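The values are calculated or read from the model by the stated rules, or taken from the named source; none is laboratory data. This one's a predicted model, so the numbers in the text were calculated from it and none came from an experiment. With ideal geometry, Cβ positions are generated from the backbone for all residues, glycine too; neighbour counts draw on all protein chains shown.
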Amino acid sequence: MYTSLHYFNSEIGKLGETNYFENYTNEYKDPDTGNSPTTALEFSEIAAKITSAPIWMAKEPLKGDAPITGWEDFKKKGMFSGPKYTLKKGWGGKFSTQTKKFEFYSETLKKGLTEHAKKYQTTVDDILNVSGYTARGEQAFIPHYETVKRHGSLQDYPLTFIDYKSRLNREGRSQNVPWYQEFKKVDPGDVSWNDVVKMNPIDGAQMALKTGDKVKITSTNGAIFCDLKLWEGVRPGTVAKCYGQGHWAYGRVAAKDFAKAVPRGGNNNEILVDDYDRLSGATARNGGFTGVRIQKA
């Protein structure tokens, strides 16, 4: 990073701009001395000192291990452990439930749904039905299995889309780094410098599709385009595509043609269906199956 800033600064300097490198690094002050970094090693160490300062220069004594007496002591020990958890420490308190206890049979949920049903002159079962739940009666108030929701009928969207994360991903912002694209093949079945959707050869034969075909992936939510790869590591009836590609304005590496805003592959978000748990309101982005169909582009 430090070297990159030097390069960035030299390039910007040709345009007559101010010293961005100096301005940036001057913001990093050593908590001990107040000095700014002058080398890459100093920059890295000061950054580490700033982030770990609450431990090695704590404002108040920390509970747990013997106190850290400074940066050198912290470097030598390498870690700090807080106080050990006391067994059953949280036991005996009252929960914010109808019974004030942990509820396997939820009187709290029962009360809430019953009052809601009365307010709108309907039944608890009707509320469950409208909310997309299969449970009825007493089963709704105990732990039970709910059939996984599928977005898109098997007739119109016969394949189940599997959205998975790369082992190279760092919050989805790795695609503009050359090594991510170069080593993408470390993810089983994937291809370097490309974005592929993986399909079992059995499904490929039935659909007259082959590796290298440009395909269109369509769901109830939208459509994206990428290359196809037949791969036996994918279960028949499903297709798998890594999350992360499809950028068109993120950078010259992430995009296939940054100047013309041409993406490298497709963005999975375009076809994944947004969904929510109707009773809690919690997001369930991957809480159901997204059905897709695939055809030559």
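Here Glu11 meets each of (1) exposed (fewer than 12 other Cβ atoms within 10 Å of the Cβ); (2) at pLDDT 90 or above; (3) acidic (Asp, Glu); (4) part of a helix (DSSP H, G or I) with one exception, condition (2).
Which one of Lys101, Lys118, Lys94, Lys88 is surrounded by 11 or more Cβ atoms within 10 Å (Cβ to Cβ) and either within 30 Å of Lys63 (Cβ to Cβ) or not assigned by TED's automatic domain parsing to the domain that holds Leu279 (or both)?
Selected residue: Lys118, the only one of Lys101, Lys118, Lys94, Lys88 that is surrounded by 11 or more Cβ atoms within 10 Å (Cβ to Cβ) and either within 30 Å of Lys63 (Cβ to Cβ) or not assigned by TED's automatic domain parsing to the domain that holds Leu279 (or both).
Evaluating Gly281 against the criteria (1) under 21 Å from the mean Cα position of the chain (by Cα); (2) in a strand (DSSP E or B); (3) at pLDDT below 95 leaves one unmet condition, (2). Considering Ala140, Ala66, Ala135, Ala58, the condition of being in the same structural domain as Pro31 (by TED's automatic domain parsing) and under 33 Å from the mean Cα position of the chain (by Cα) is satisfied by Ala58 alone. For the range 125-164, the set of residues classified as among the aromatic types (Phe, Trp, Tyr) and either in contact with a Ser or Thr (Cβ under 8 Å, 6 or more places away or on another chain) or on the phi > 0 side of the Ramachandran plot (or both) consists of Phe141, Tyr157, Phe161, listed by residue number.
Mind listing whichever residues of the range 181-226 are of a type in the set (Ser, Thr, Tyr) and over 14 Å from Gly265 (Cβ atoms)? Selection gives Thr211, Thr218, Ser219, Thr220.
In this structure, is Asp190 in contact with a Cys (Cβ under 7 Å, 6 or more places away or on another chain) and within 22 Å of Lys256 (Cα to Cα)?
Taking the combined requirement at face value, the residue satisfies it.
Taking the criterion of being in a loop (DSSP other than H, G, I, E, B), closer than 17 Å to Ser174 by Cα and touching a residue at least 60 places away in the same chain (Cβ under 8 Å), the residues of the range 239-278 that qualify are Tyr243, Gly244, Gln245, His247, Tyr250, Gly251, Arg252, Val253, Ala254, Arg264, Gly265, Gly266.
As an exercise: evaluate Gln139 against (1) surrounded by 12 or more Cβ atoms within 10 Å (Cβ to Cβ); (2) at pLDDT below 95 and give the number of the one condition it does not meet. In the conditions (1) surrounded by 12 or more Cβ atoms within 10 Å (Cβ to Cβ); (2) at pLDDT below 95, Gln139 misses (2) alone.
Tell me yes or no: at least one residue of the range 151-165 is free of Cβ contacts under 8 Å to residues at least 24 places away in the same chain, assigned by TED's automatic domain parsing to the domain that holds Ile271 and exposed (fewer than 14 other Cβ atoms within 10 Å of the Cβ). Yes, because at least one residue in the range 151-165 is free of Cβ contacts under 8 Å to residues at least 24 places away in the same chain, assigned by TED's automatic domain parsing to the domain that holds Ile271 and exposed (fewer than 14 other Cβ atoms within 10 Å of the Cβ). Please work out if Gly237 is at pLDDT below 95 and under 23 Å from Thr160 (Cα atoms). Spelling it out, it is not the case that Gly237 is at pLDDT below 95 and under 23 Å from Thr160 (Cα atoms).
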